[in-house]
Every structure is written in structure tokens, then in C-alpha cells.
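The values are calculated or read from the model by the stated rules, or taken from the named source; none is laboratory data. Note that the structure is a prediction, hence the values are computed from the model and not measured. Glycine also receives a Cβ, built like all others from the backbone with ideal geometry; neighbour counts cover every protein chain displayed. Keep in mind that these areas ignore ligands, DNA and RNA; they rest on the heavy atoms of the full protein, side chains included. Shrake-Rupley method; radii C 1.70, N 1.55, O 1.52, S 1.80 Å.
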2 protein chains.
Amino acid sequence: MKSQQVLAYAAGMAERKSDRTRAAILAAARERFGADGYERATIRAIAADAAIDPAMVIRYYGTKEKLFAAAAEFDLRLPDLRDVPRDQLGEELIRHFLTRWEGDDTLRALLRAAMTHETAADRMRQLFTDQLAPTLRELLVDAPDVRAGLVASQALGLALVRYILQVPPVAGLSHDDAVAWLGPTLTRYLTAPLP
Amino acid sequence: MKSQQVLAYAAGMAERKSDRTRAAILAAARERFGADGYERATIRAIAADAAIDPAMVIRYYGTKEKLFAAAAEFDLRLPDLRDVPRDQLGEELIRHFLTRWEGDDTLRALLRAAMTHETAADRMRQLFTDQLAPTLRELLVDAPDVRAGLVASQALGLALVRYILQVPPVAGLSHDDAVAWLGPTLTRYLTAPLP
DNA sequence: CGCATTTATCAACGCTTGTTGACTTTTACT
DNA sequence: AGTAAAAGTCAACAAGCGTTGATAAATGCG
């Protein structure tokens, strides 16, 4: 064991020289994947953004596919909804999504890439299967997965129109207005009786 | 003027030999763009689908970009909504979208390509600006464009989750169930007082 | 210092892409 | 039949891609 590692371990932070470049690569990758999608985001461009050699990207992440897998790790960080009044579930959710999405390129990268890349689409489905659906399952009794799917459709539709297509009237909506419009929709999907 | 053209003109149909291949290319292009997105849909693959030489594709459409532009022509064919009762506007709209989308690859092609290709994103915005928004503007008095944008967000979100990501609970929804769930949402977006 | 390990550089590879131009076959009219 | 136009074929190009391996520089320890 190298002494640097020992010191780092003692100090509570395992910081190597390479960790900074790893992080730089990952940040550049998220940005590029988010802006250009999977195929147009070239390793060469990502490397240029991180001000390093393209070969380094491969050296650290093995392959473009694995780099994307690392860059597309995303946690919705859903809040605890058990104490939220039933008629405010939608508002709470949509407000959370809005703040979670902005300031993090990851979801945009995932969404863009999911259109053309099967791995990304799988990740997106996992987001639904492993995070959204289980959380909502704790709150709902009948058909929780259908309700979760409906919530996803409106939430992702908003992300699509607002961040990707940037259709003016929706892209320009304030958080409060978006919550006021979409909140009741999600609440109804979660609480209305089955058709 | 060639006699074939004269005859064709007299018969009311200008059918050349090339028209069939043109159409075959366009159909194959829509299918491939819809399945793979813009960059992964190669001209070679499209040509193979149409059982034709790749050079023919260029000969007929000039460039991949122009081929896409031709393949992405799409008419929503929105019905006349002026006679529909206000509280059924959403149901009518969502049912129309569902039937319009299925059996035509064009919208899927547009949606997939719009994520990574600026031309496609422009087309998508034009769909909104030139077709959806004007139609709804005839029916609504206050903030018609915002309402149209909200309708688009839910409609496209449904297409995304159902046709592209294919999240099981939503992909498996019957038309009637989808209409029952989403109809009231769109109706509210169109008729509810501003927040 | 000397040396081993980590980190970075460079040029090149094999492959696929869109696109082109020269050429041959088919078509349809005089 | 002869011929000019249309339709189709073929091989090749330049460029860009992900990826590799040999090699150089930097780093930190004894």
C-alpha cells in the first residue's frame, strides 16, 4: 500500500491525481451526452472539453458504452411522501422534479440518449421500475404501477417540451405556474378512482 | 413533352417508373428513422430496406438531410373541434392522437430524431406552432398558447412513454383507458381558469 | 539520486459513414 | 430498328469514428 493512499485514508479522502481527471471526464461526458445525444457526443469532443487526450477517456472508462453507463447514473432523490396530504401529492412531486432536473445534466443526457440507445432506454425504465414505482407503491392501493406510469408520462412530457424541444410557452413557464398546472394532474392520476 | 407524360396526364395520374422507388425509399426512410433515430439510420440501411442502391437515395433526395426533411412531413389532421362539447375536448383530442400515431411511423421518426437533430426539433416545434396552437386558438380566449403547450406536453409524454420507452403499464393501456385517464387532463388544460 | 508506478501523449489501425462520378442497362418514342 | 433519355449499378473517395499500443513525462518513495 502506498503511503499516499494511507495518508489519504487517514484523512478520510482518497484523492489521487487521477480522480480529478476522472471527474472532469464524467462532467464533460454528461454535458456532451446531454447536449448532443449518444452518437453525436464523440469521445474526442468529450476529451477536448475535459482538456485531455481521447485515449485517457478509454483508459479510464474502457469504452464509450461504459462511459455513458457511468455518466447516466441518476438518483431521483424522491422525498418521503407519506406525510404529504393526498390532495397535494402532485404539487409536491412536480415541484421536486423541476428542482431536481435543473442544475443536473444527467437526466437530459439520459432522455436524449434513450431515444436512440437501448442501454439508455433501459436505464430510463429502471428509473421507473426501481425508484418511482416502488415509492408510489407505498402510498397507493389500487393499480399503483399504472398510476406511476401516468405520472411518468406527464413528468417526462414536461421535460421533453420544456428542456429538449423548448417549446416557448412551456419553456417559459415559472416553477409556480408549472406546479399549478401540472400538480392537479398528477394528484388526480394518483388518487382518482380507476376508470 | 413525352407521350408517357401526356398519357399519364390524360389519365389523371403522373406515374413514372421512378415514382415507385421514390415512394419505397421514403417508406423505408420513415421506418428506419423511426426505429433508429437520425444518425443511426444509415442511408445504406434505408437503401437495403428499399432493395435499391445507396446511390439512388442520394440521386433522388440529394442528401440525407433532405431525405429526412421529406420523410418527416407530417400532418396532425386535427379534426374540427368547434362542435365538440367543451367538457369532452380532451377525450376527443387524445383519442384522435392515439389513432393518428399508430399506423404511421412518421411521428415516431420525428420524435426520435428531434432529440439529437436540430432540423427535427424545428419540425416538431412547427407542428406545434402551425397546427396545434392555431387550431386551439380558435376555441380558446385566454392564454391559448400556454394551454396548447400543456396539451402537447401530456400528449408527447404519452407517446414517449408508450411508443419509445415502452414502459409496460402505459404501453399496455387500451385506447379507452388511455382516453379515460388523459382526456380529463387535456380538458382541464383547455378549460380551467388561469392559475 | 535512482527507480518503480502512475499519468499522459502520439500516431496509427480498421471500420463505417455520406457522397460522387463513370459506367451499363432499361425504357419508350420515332 | 435505332436512339436519346431515364433508371440503376459499381467501385471508390475523404472524413470521422472508437479504440489500441508503444512511448514519453511526471510523480513520490527508498
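Listed values, structure above:
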read-out	value
Qualifying chymotrypsin sites (Phe, Trp or Tyr not before Pro) in the stretch A:119-195, DSSP loop, other Cβ atoms within 10 Å at most 12	none
Expected 222 nm ellipticity per residue - DSSP helices of 4 or more, -39500 (n - 2.57), all of chain A, to 500	-20000 deg cm²/dmol
Cross-link table A:66/B:64; A:66/B:66; A:17/A:66, entries beyond 26 Å C-alpha to C-alpha	A:66/B:64; A:66/B:66
Residue B:96 - accessible surface, heavy atoms, 1.4 Å probe, Å² rounded to 10	30
Whether the protein assembly as shown is rounded, prolate or oblate, judged on the alpha carbon gyration tensor where a/c under 1.5 counts as rounded	oblate
Among A:158, A:111, A:139, residue whose mean-square fluctuation peaks in a GNM of chain A (springs only between Cα atoms under 10 Å)	A:139
GNM flexibility winner over chain A from A:47, A:159, A:23 (Cα, springs under 10 Å)	A:23
Position residue A:195, label points 7 Å along Cα→Cβ, spacing to each other copy in nm (shortest first, one decimal)	2.4
